[in-house]
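The values are calculated or read from the model by the stated rules, or taken from the named source; none is laboratory data. All values reported here derive from a predicted model rather than from experimental measurement. A quick note on method: Cβ atoms are made from the backbone with ideal geometry, for glycine too, and the neighbour counts reach across all protein chains shown. For the accessible areas, the whole protein counts, side chains as well, though only heavy atoms, and no ligand, DNA or RNA atoms are used. Shrake-Rupley method; radii C 1.70, N 1.55, O 1.52, S 1.80 Å.
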Amino acid sequence: HIDSALSEYEGVSVFRNHHNNGITFSVFEYNENRNLIHKFHRLFFTTFGTYLIVFDMQKVLQKVKGAIEYLKFWFESIRFHAPEASIVFVGTFHDIVNSRGDLETISETLFCEVLSSQLFPFVAQNDCLWFYPVDNPNGLGLGDLHEVVLKTITIYGHSRKIVSIRWLHCLDELLNAASIGAPCLTLRDVTKCASMFGINSLAEISAMLNLFHEFGFVIYSTSTEALRRLVVLNPQFLVDSLNRVIVDCANMSQEAIDRIEKMGLKNDVEKLCQTGLATYDLLECIWGKDHVDYLVDVMREGMLFHDWSFRNTDKLFLIPSFLQ
């Protein structure tokens with residue numbers, strides 16, 4: 001049971017819950033807007049995560065088209081982007097699908113068609129089943145699910161990792177900044193914050209931020225210089241920023257078109273919508289000078305677009321989603 005929702009996003013919801021054993025849960029829920037979240041989900045995978053793949057047991061039992069593909073997509077995505085993370089399959093509508101025979105049929109389908117008949121030590125088992133059946137309205141099965149999540153986290157030891165008290169004080173400051181609306185901080189700002197607690201080495205600051213990233217408190221990467229310079233405190237910042245290019249540019253309001261035209265970028269928008277090619281100037285207009293290089297590298301890292309340099313020297317980026 002999640003006590004309080006901090007905020008709900010289009011595609012991702014984030015909750016935090018303090019358990020009575022001292023563990024704090026950060027829960028990211030990928031919502032029903034599949035077309036949107038399928039483009040972004042890989043940005044939120046971390047090694048220390050425990051992933052619950054929730055599915056409708058009725059659809060699997062009735063072999064509804066797309067039901068198995070949905071499970072394969074999420075399972076294979078997690079295994080690729082977070083190969084050491086633990087996974088729990090959760091089947092809903094247990095009030096309707098409740099016979100032992102049906103549950104075993106679903107489990108066999110999961111094992112043969114999703115897990116490919118291989119043994120995966122990071123997939124939680126429920127006695128002889130490969131999933132946990134639940135019914136949310138009446139709470140059926142939620143106790144067992146709660147127990148296995150706690151057990152899984154405890155087994156893999158992430159919750160017992162020893163962390164410097166100085167790092168925890170710095171984390172409190174970062175979370176305070178997020179709570180008052182700061183979507184991100186520059187590495188320089190984080191460095192100033194860390195120095196208040198005696199954390200002065202850039203190597204230690206990088207190690208601290210990488211750990212916070214794996215626990216889901218921040219989004220941080222050192223794979224490029226632009227990514228290294230920014231620490232994201234609020235996932236909504238990424239979702240909204242990328243959404244403004246991937247989704248909004250294809251459904252732009254007249255007001256936005258007029259504003260773009262005044263800046264001399266009308267042709268850039270038309271090129272994006274017609275060919276999937278975005279100019280750097282257009283991205284800078286949409287995202288702002290402070291964040292454009294960071295978000296360009298996020299798009300590259302997430303394979304959401306690709307550099308295009310076949311015909312001229314202009315800085316162009318191919319966004320495949322516009323070609324669908």
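List of remarks:
- Tensor-based shape of the range 82-157 (alpha-carbon gyration tensor, a/c under 1.5 rounded, otherwise prolate or oblate): oblate
- 19 Å cut-off, amide nitrogen to a point 7 angstrom out along Asp127 Cα→Cβ, residues in the range 81-97: 89-97
- Neighbours of Val123, meaning other residues whose beta-carbon lies under 15 angstrom from its beta-carbon, give a summed charge of -2 when Lys and Arg score +1 and Asp and Glu score -1.
- Under 12 Å, Cβ to Cβ, from Ser107 - net charge with Lys/Arg +1 and Asp/Glu -1: -4
- Shape call, the range 135-250: gyration tensor on alpha carbons, a/c limit 1.5: oblate
- Accessible-area composition of the range 115-271, carbon plus sulfur, in percent [1.4 Å probe]: 54 percent
- At R0 = 35 Å, FRET efficiency that the Cβ-Cβ distance of Val64 and Asp144 yields, to 0.05: 0.85
- Cα-based shape type of the range 228-292, given that a ≥ b ≥ c are square roots of the gyration tensor eigenvalues and the cut on a/c is 1.5: prolate
- Counting Lys and Arg as +1 and Asp and Glu as -1 over every other residue whose Cβ lies under 11 Å from the Cβ of Leu71, the net charge comes to -2.
- Think of a 1.4 Å ball rolled over the protein heavy atoms: the range 182-296 then has 47 Å² of accessible area per residue.
- Using a probe of 1.4 angstrom and keeping all protein chains present, the accessible surface of the range 94-154 works out to 54 square angstrom per residue.
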